[in-house]
Amino acid sequence: MSSDIETLKVYGDMADDYAAITTEATEDKALTTFIGALPKGSHVLDLGCGPGFAAARMAREGLSVDATDATPAMVELADKHPGVNAWTATFDDLTGTNLYDGIWANFSLLHASRGDMPRYLGTLREMLKTGGMFHIGMKTGTGERRDALGRLYTYYTGPELEQLLRDARLTPFSSTTGRDKGLDGEWADWVTIIAHA
C-alpha cells in the first residue's frame, strides 16, 4: 500500500472501524467473478488487503492467498483468517516475476501518487504469470486530494485508467462502475476493471 504517513496513520487508528464497514466485501460481485475465473489452487495476491475479508473468501474458495498491506494493524486482522498469508508491505516493497495467477488490487492503488502509478502497474504486471488476471478498483474523478480524514487519493477517469493498464502491458476486458459511501462518510463514484496479463 501507499507509504504516505498520514494515510497510514488513519488506517492504523481506524482499523476496527474500517473492518466494520467492509464486512460485505466477501459478497462483492467482482470478487465472485475474479475467483470464478481462476482454477482451484491458483496463487493470488490481495494487494492492500485491509482486514482481509476478500483474501479470506479467496482462501475458502480454494485459492492460495498472499495478502499485503502497509498498515500493521490491518495485516494483524488479515492474518487471523485461515489460509491467508499476510505481511506488511508498501507498494514500493513489491518485487518478483511470474509469481501470481491473479492480483486483486481493490481500492488500494488509489492511494498511490500519480507519478508512481505507471511504475507500480509495471511491477504488478511482472509479478503476474502470462495470462494472469488483474483486478483494480479506483475512485473516479480528476486530480489528487486528501479526504476529510486526511487520506491521500489520486483520481482517474475510466478511460485514463484503461490506458494506464494498456501501457503496463495489461489488457482490460471488463469494467463496472458504481457509487458508495466510504469511511469518511462521503459518497464517491468508482470503477473496477479486470485485465489480463
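Laboratory data are not the source of any read-out in this text; all were calculated from the coordinates shown. Only a predicted model underlies this, so the values are computations on that prediction, with no experimental measurement involved. Glycine also receives a Cβ, built like all others from the backbone with ideal geometry; neighbour counts cover every protein chain displayed.
Taking all Cα pairs closer than 8 Å and separated by 6 or more residues, the relative contact order of the chain comes to 19 percent.
Proximity of backbone amide H atoms, modeled 1.01 Å from N, is registered between GLY141 and TYR156, THR157 at under 5 Å, excluding neighbours fewer than 5 places apart on the same chain.
Annotation: lysines with alpha-carbon distance below 26 angstrom to LYS9 (same-chain offsets under eight excluded): LYS80, LYS139, LYS181.
The trypsin sites (Lys or Arg not before Pro) of the range 62-128 that DSSP puts in a loop, and whose beta carbon has at most 14 other beta carbons within 10 Å, are LYS80, ARG114. Distances between placed amide hydrogens fall under 5 Å for ASP46 paired with ASP66, ALA67, THR68, TRP104, all partners being 5 or more residues away or on another chain.
Under the rule a/c < 1.5 gives rounded, and otherwise a/b versus b/c splits prolate from oblate, where does the range 148-197 land using the Cα gyration tensor?
Values: a/c = 3.13, a/b = 2.00, b/c = 1.57.
The shape class here is prolate.
Here each label is just a point 7 Å from Cα along the line to Cβ, and for LYS181 and GLU76 those points are 2.8 nm apart. 3J(HN,Hα) along the range 167-178: 4, 8, 6, 10, 10, x, 9, 7, 9, 9, 10, x Hz, from the Karplus curve 6.51 cos²θ - 1.76 cosθ + 1.60 with θ = phi - 60°, whole Hz, x for Gly and Pro.
Candidate cross-link partners of LYS40 among the lysines, defined by an alpha-carbon separation under 17 Å and a same-chain spacing of 8 or more, comprise LYS129. Taking label positions 7 Å along the Cα-Cβ direction at both GLU160 and LYS40, the computed distance is 4.4 nm, reported to one decimal.
Beta bridges assigned by DSSP with both partners in the range 5-196 are antiparallel in approximately 50 percent of cases.
Going by how many other Cβ atoms sit within 10 Å of their own, how do VAL84, VAL65 line up, fewest first? Present the calculation step by step, with values, prior to reporting the outcome.
Working: VAL84 23, VAL65 27.
Neighbour counts put them in this order, fewest first: VAL84, VAL65.
Annotation: amide H-H contacts under 5 Å for SER108 (H modelled 1.01 Å from N, sequence separation of 5 or more, or interchain): GLY137. Quick one, which of [x] 27, 22, 17; [y] 35, 20, 13; [z] 22, 20, 16 is the actual semi-axes √(5λ) of the Cα gyration tensor in Å calculated for this model? Structure-derived value, by its label: [z].
Think of it as helices only: each DSSP H run of n ≥ 4 in the chain is worth -39500 (n - 2.57), and spread over all residues that comes to -8500 deg cm²/dmol at 222 nm.
What FRET efficiency comes out for the pair ASP167/ARG146, r = Cβ-Cβ distance, R0 = 22 Å, nearest 0.05? Provide the component values of the computation, followed by the final result.
Details: r = 27 Å, r/R0 = 1.22.
That gives a FRET efficiency of 0.25.
What the phi angles of the range 136-145 give under the Karplus curve with 6.51, -1.76 and 1.60, with θ = phi - 60°, is a coupling list of 10, x, 9, 6, 9, x, 9, x, 10, 6 Hz, glycine and proline written as x.
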